[in-house]
Structure formats: C-alpha cells, structure tokens
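One structure is given here, and the rest of the page talks about it.
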C-alpha cells in the first residue's frame, strides 16, 4: 500500500493553475500512479461561483472584479460564491474512495495523516 502525500505551495497559486494541477493529480490517482494526496495551497485573489450560486449573488460585475485584480470562475462544484485569496489556505483531497462509503471520522483520519507527518 502506498503512503499518502501532501503537496503544498508557499506562494499564492492562480486558481486555474491549481485546478489544472488537481485534474492531473486526479488522473494520476485514478490510474494508481500516485497515493492518496492532499493538496494544500493558497490562491491569488479569486471569486468562485459554484453550482448553487447565481450571477446576481455577486457583489460586483466580472469587469469590476477584474479591475480589482480578482479573477472570477464558474466552477463545477457545489456551493455558492466563495472568495479565495493570499493567506487563506485551501485543502484539496485527492482520494481513492474504492466504492466504499466512508464516515466523516474515517475521512478526517485519512486527511490528517499527510498533514501531521509520520
């Protein structure tokens, strides 16, 4: 059995670059080329609009966000409007669930291991 990995970045990562990395890690995990992985990063200023969000929920137009140096992304995840920015750490787990239904406790223990060290 492979050990879990954690990957972190000290500098803010543009949202699209982080998303592309998640997709590459997911593909590698699905092909069993890497172990369960936790990606820990912070983003450059970004607003995401999830599946439950609507454009009229935004406080500014896309052009106004752009003027402020904030990128806007419509994402395939659940959720509403979320701001991501420097100093705000985000955890993205890339896990093989093996068709098993995991409890919150088991999922937490899986996520905690790469973050807490050996």
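The values are calculated or read from the model by the stated rules, or taken from the named source; none is laboratory data. Nothing here was measured: the structure is a model prediction, and the numbers come from that model. Here the Cβ positions follow ideal geometry from the backbone for every residue, glycine too, while neighbour counts run over all protein chains shown.
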*Pick from 87, 50: which is under 20 Å from residue 18 (Cα atoms) and surrounded by fewer than 12 Cβ atoms within 10 Å (Cβ to Cβ)?*
87
_Suppose the filter is touching a residue at least 12 places away in the same chain (Cβ under 8 Å) and more than 30 Å from residue 30 (Cβ to Cβ); does residue 57 pass it?_
yes
*Say we look at the stretch 35-52 and pick out the residues that are more than 14 Å from the chain's Cα centre (by Cα) and free of Cβ contacts under 8 Å to residues at least 40 places away in the same chain; which of these is nearest to residue 96 (Cα to Cα)?*
35
*So which residues in the stretch 1-41 are in contact with a helix residue (DSSP H, G or I) (Cβ under 9 Å, 6 or more places away or on another chain) and at pLDDT 85 or above, if there are any at all?*
13, 33, 34, 35, 36, 37, 38, 39, 40, 41
*In the stretch 65-85, the residues that are farther than 16 Å from residue 52 by Cβ and within 12 Å of the chain's Cα centre (by Cα)*: 84
*Looking at (1) modelled with pLDDT of 90 or more; (2) touching a strand residue (DSSP E or B) at 6+ places or on another chain (Cβ under 8 Å), find the lone condition where residue 69 falls short.*
(2)
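Residue-by-condition table, conditions (1) surrounded by 15 or more Cβ atoms within 10 Å (Cβ to Cβ); (2) not in a strand (DSSP E or B):
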| residue | (1), (2) |
| --- | --- |
| 19 | yes, yes |
| 24 | no, yes |
| 42 | yes, no |
| 64 | no, yes |
| 77 | no, yes |
| 92 | yes, no |
